[in-house]
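Everything on this sheet refers to the single structure shown next.
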There are 2 protein chains.
Amino acid sequence: MNQKELTQHLKQVKTLCASQGARLTPQREQVLSLIMRSKKPLTAYELLEGMRQEDKTPAPPTVYRALEFLQEQGLIHKLESLHAFVGCNHPEHPHAGQFLICTDCGEVNEVCNHELDESLNAVEKNQGFRLQRPVIELLGRCASCQK
Amino acid sequence: MNQKELTQHLKQVKTLCASQGARLTPQREQVLSLIMRSKKPLTAYELLEGMRQEDKTPAPPTVYRALEFLQEQGLIHKLESLHAFVGCNHPEHPHAGQFLICTDCGEVNEVCNHELDESLNAVEKNQGFRLQRPVIELLGRCASCQK
DNA sequence: CTCTAGAATGTTATAATATAACAATTAAAA
DNA sequence: TTTTAATTGTTATATTATAACATTCTAGAG
């Protein structure tokens, strides 16, 4: 996401947070910006690096707290298989993500496959299971890396 | 899995490994047994505890190596969202697992949903993505924990 | 059977990820 | 303005995982 897109995104996110009574503080906004600008998922410690100022680096709890907040607001997703975080492009309606993760170039693509959603619903029904947090991370090689 | 089932399972697994030229050493067998007997997924360090003998505890690389071997042989699955391992009940034909994980009681249920598999195939085709390792972990509440 | 190469294990150290606990500060609400 | 709750700062430490190198074991060649 380039600077222009980011500005636009942040504007939308601020409105969203305001409507939820959630406070997007400067620190949280900084973490979100770092994530949205990155082409690749970022780990907590990579974000800490990114937050470093001339004189001081924040401590781990700082970034983990920001990440917790951003996840709660549905502004980012955590990729369990990578211990890393990616931005959510559709924060306006909460959803669990489905991710295609290229093990070659590292790019991550959030997809919204309806059929897959329905399969999950079916599993829920069959098993009497109440799904709260689906983790769908599809690791493999993306189209361009196969050439 | 009870003692009798475990014995039966180990017998099958030994045959399987033999046919692959893979060596199921006593240590690897011990780790597999601990995992198969457990009702809950076990972390690497829980397994280390389980491997402790009167006088000495093995070091972390010991258990991580055994876990690596067992995963390669398709005898166990790693749950990324829990940093823990569960046994595979159908090691005879290799497969990626789909897991229902109860966040209440901690039980894990490996399911084999065909529809879900097909959805994954569809995603692959649509996106030109070559799926190598799907991570499907469905966290929620199991039927009995909802009562 | 012996030798040897490769596999497996042992050992030490440390990297990478994540959270607990409590203090200080800031913002919102009464 | 006060006071309450949320946020941030700080220190320490827990948890998960791997690197690097030494030693031992095992299967197969000769």
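The values are calculated or read from the model by the stated rules, or taken from the named source; none is laboratory data. Only a predicted model underlies this, so the values are computations on that prediction, with no experimental measurement involved. Cβ placement follows ideal geometry from the backbone for every residue including glycine, while neighbour counts extend to all protein chains displayed.
When the residues of region A:61-103 are narrowed to those that are charged (D, E, K, R) and within 23 Å of B:Leu79 (Cα to Cα), which ends up surrounded by the fewest Cβ atoms within 10 Å (Cβ to Cβ)? Break it down stepwise before answering.
If we filter region A:61-103 for residues that are charged (D, E, K, R), which is where we start, we get A:65, A:68, A:72, A:78, A:80, A:92.
Going one step further and asking which of them are within 23 Å of B:Leu79 (Cα to Cα), we end up with A:68, A:72, A:78, A:80.
Working: A:Glu68: 13, A:Glu72: 11, A:Lys78: 19, A:Glu80: 18.
Checking each candidate, the answer is A:Glu72.
Is it true that A:Phe69 is farther than 29 Å from A:Gln8 by Cβ and among the aromatic types (Phe, Trp, Tyr)?
Details: farther than 29 Å from A:Gln8 by Cβ: no; among the aromatic types (Phe, Trp, Tyr): yes.
In short, no.
Pairing residues of region A:114-134 that are facing chain B (nearest Cβ under 7 Å) with residues that are at pLDDT 95 or above and surrounded by fewer than 16 Cβ atoms within 10 Å (Cβ to Cβ), at Cβ distances under 6 Å and at least 6 apart in sequence or on separate chains, gives A:Gly128/B:Ala143. If we keep just the residues of region A:32-45 that are surrounded by 17 or more Cβ atoms within 10 Å (Cβ to Cβ) and within 13 Å of DNA strand C (Cβ to nearest atom), which is farthest from the other protein chains (Cβ to nearest Cβ)? That would be A:Leu42.
Give the residue that is nearest to A:Lys39 (Cα to Cα), with candidates limited to residues of region A:89-100 that are within 11 Å of chain B (Cβ to nearest Cβ) and touching a residue at least 40 places away in the same chain (Cβ under 8 Å). Steps first, answer last, please.
Just the residues of region A:89-100 that are within 11 Å of chain B (Cβ to nearest Cβ), to begin with: A:96, A:98-100.
With the extra rule that they be touching a residue at least 40 places away in the same chain (Cβ under 8 Å), the set shrinks to A:96, A:98, A:100.
On the way: A:Ala96: 20, A:Gln98: 17, A:Leu100: 14 Å.
My answer is A:Leu100.
Being among the hydrophobic types (A, V, I, L, M, F, W, C), within 9 Å of DNA strand D (Cβ to nearest atom) and within 14 Å of chain A (Cβ to nearest Cβ) is the filter here, so list the residues in region B:56-84 that pass it.
From region B:56-84, those among the hydrophobic types (A, V, I, L, M, F, W, C) are B:59, B:63, B:66-67, B:69-70, B:75-76, B:79, B:82, B:84; that's our starting set.
Then keep just the ones that are within 9 Å of DNA strand D (Cβ to nearest atom); that gives B:59, B:63, B:67, B:82, B:84.
Listed by number, the residues that qualify are B:Leu82, B:Ala84.
Filter region B:67-99 down to the residues that are closer than 21 Å to B:Gln27 by Cα and aromatic (Phe, Trp, Tyr), then identify the one that is farthest from DNA strand C (Cβ to nearest atom). Step by step, filter region B:67-99, then rank; the result is B:Phe85. Is it the case, given these coordinates, that B:Ala59 is without any contact (Cβ under 8 Å) to a residue 24 or more places away in the chain, small (Gly, Ala, Ser) and within 12 Å of DNA strand C (Cβ to nearest atom)? The answer is yes for B:Ala59. The lone criterion from (1) within 10 Å of DNA strand D (Cβ to nearest atom); (2) modelled with pLDDT under 95; (3) not hydrophobic (A, V, I, L, M, F, W, C) left unmet by A:His93 is number (1).
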